[in-house]
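Scroll down for the structure; my scribbles are underneath it.
What follows is calculated from the coordinates using simple rules that are stated; it is not laboratory data. Please read all numbers here as calculations on a predicted model, not as lab measurements. Cβ coordinates were reconstructed from backbone atoms using ideal geometry, including for glycine residues, and neighbour counts include every protein chain displayed.
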Amino acid sequence: MPDFQKIISQVYQGLEPMPNTGKVANYIPELAHVPPQKFGIHLLEMNKRAHSVGDAQELFSIQSISKVLSLAMAMAAIDEKVWERVDVEPSGDPFNHLSLLEQENGIPRNPLINAGAIVIADILVSELKKPKEDFLEFVHQLSGDNNIAYDEAVASSEKSTGFKNFAAANLLKSYGNLKNDVEEVLDFYFYQCSLSMSCAQLCDTFYLFINRGVCKQGTQHLSLNQIKRINALMLTCGFYDEAGEFAFEVGLPGKSGVGGGIVALLPEHFCITTWSPVLNPKGNSTKGMAALERITTLSGLSIF
Ligand code: GLN
């Protein structure tokens with residue numbers, strides 16, 4: 001195995017001084033306060049050895065990264081039935097686009113764009129006794145860290161400005177692809193997106209995706225086949241209309257969020273999280289993408 005600590009430190013030092021081109025997400029007002037210069041990288045190897053640099057222990061809003069975790073929980077609950085309500089094709093569109101939803105009769109393109117994640121949230125609202133508590137408990141079990149919590153200020157900030165998500169949920173409802181109330185489903189969705197986690201906590205939580213469905217604590221949560229499906233979706237759909245570019249530059253399955261985090265992974269080898277809040281025009285972290293490109297190039301490790 002390469003010397004990961006050396007590689008991530010070298011990449012961090014090379015990128016840290018570079019000017020931040022792009023913008024911190026501000027359509028969720030609470031996210032606009034995050035200092036743009038924050039930058040952290042954490043890498044967790046399959047053998048559980050961890051490597052950190054910069055602000056890797058600081059909490060940030062994981063936003064869309066949560067869509068992978070809610071999908072994992074929905075698959076654990078109803079397995080292949082998920083695909084009766086959401087497709088598995090890349091959208092080639094921004095994360096909050098609505099036009100395809102109308103053209104395709106209320107079946108979202110995939111579970112990692114907003115409309116798809118809202119359908120997954122609806123499934124969890126139906127399947128779980130106490131959706132918010134049970135989802136948080138699932139994240140605690142995966143990570144082994146009971147300190148992970150929702151950020152109520154972020155959730156209510158998004159609730160007051162999430163007009164496009166209300167539009168998507170209403171459209172889904174009109175096509176019969178939302179079983180519960182729009183308000184109830186979106187309340188859960190805004191909470192799942194508001195999870196506040198560090199790069200290190202995200203690597204711990206995503207360990208099951210490199211370890212055939214067995215989490216860092218040693219419990220089997222998903223089958224190898226379910227992990228194959230979720231990792232495939234991260235590769236083809238994890239970066240909205242930039243999934244092709246991410247596969248081309250970085251060569252790993254992954255998921256980004258508008259809080260500036262990116263989780264990426266090489267099954268059986270390592271999981272890595274970067275955090276830098278300044279986003280490119282497609283909503284992905286500019287420095288995070290650059291860092292991951294350099295790390296897979298320097299280590300010579302990607303799925304290709
Ligand atoms: N909660 C955000 C939204 O629905 C998540 C978007 C993202 O991280 N891309 O707009």
Straight-line reach check, K48, cutoff 14 Å on alpha carbons, 8 or more apart in-chain or any other chain, hits among aspartates and glutamates -> D204, E268
Mind listing the Cα extents of the chain along all three principal axes, in Å, largest one first?
52, 39, 35
Excluding residues on the same chain fewer than 8 positions from K81, give the aspartates and glutamates whose Cα lies under 18 Å from its Cα.
E89, D122, E127
Whose amide H sits under 5 Å from the amide H of A149, counting only residues 5 or more places off or on another chain, with H placed in the peptide plane?
S196
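Taking square-rooted eigenvalues a ≥ b ≥ c of the alpha carbon gyration tensor, is the stretch 170-271 rounded, prolate or oblate, where a/c under 1.5 means rounded and, failing that, a/b exceeding b/c means prolate? Numbers along the way, then the final one.
On the way: a/c = 1.70, a/b = 1.45, b/c = 1.17.
Prolate shape, in that a/c is at least 1.5 and a/b is the bigger ratio.
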Divide by every residue of the chain the summed helix terms, -39500 (n - 2.57) for each DSSP H run of at least 4, and state the resulting mean residue ellipticity at 222 nm, rounded to the nearest 500 deg cm²/dmol.
-13500 deg cm²/dmol
Can you count the Lys pairs in the stretch 118-235 whose Cα atoms are under 29 Å apart, with each pair 8 or more apart or on different chains?
24
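Given 20 °C and 1.002 mPa s, compute D for the stretch 235-301 with the Stokes-Einstein relation, Rh being the Kirkwood radius over Cα pairs; round to the nearest whole µm²/s.
Values: Rh = 11.5 Å.
In µm²/s, the coefficient rounds to 186.
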Restricting to lysines and to Cα separations under 23 Å from K287, and discarding same-chain partners fewer than 8 apart, the set is K6, K23, K38, K67, K255
How many angstrom lie between the Cα centre of the stretch 260-304 and the Cα centre of the stretch 173-238?
18
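Only counting other Cβ atoms within 10 Å, I'd like S61, S198 sorted with the fewest neighbours first. Kindly include the intermediate steps, with their values, before the conclusion.
Details: S61 29, S198 24.
Ranked by crowding around the Cβ, least crowded first: S198, S61.
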Here the stretch 25-37 yields Karplus 3J(HN,Hα) values (6.51, -1.76, 1.60; θ = phi - 60°; whole Hz; Gly and Pro given as x) of 4, 10, 6, 9, x, 5, 7, 5, 7, 6, x, x, 7
Roughly what would the spin-label model give for D3 and M46, points 7 Å off Cα along C-beta, in nm?
2.3
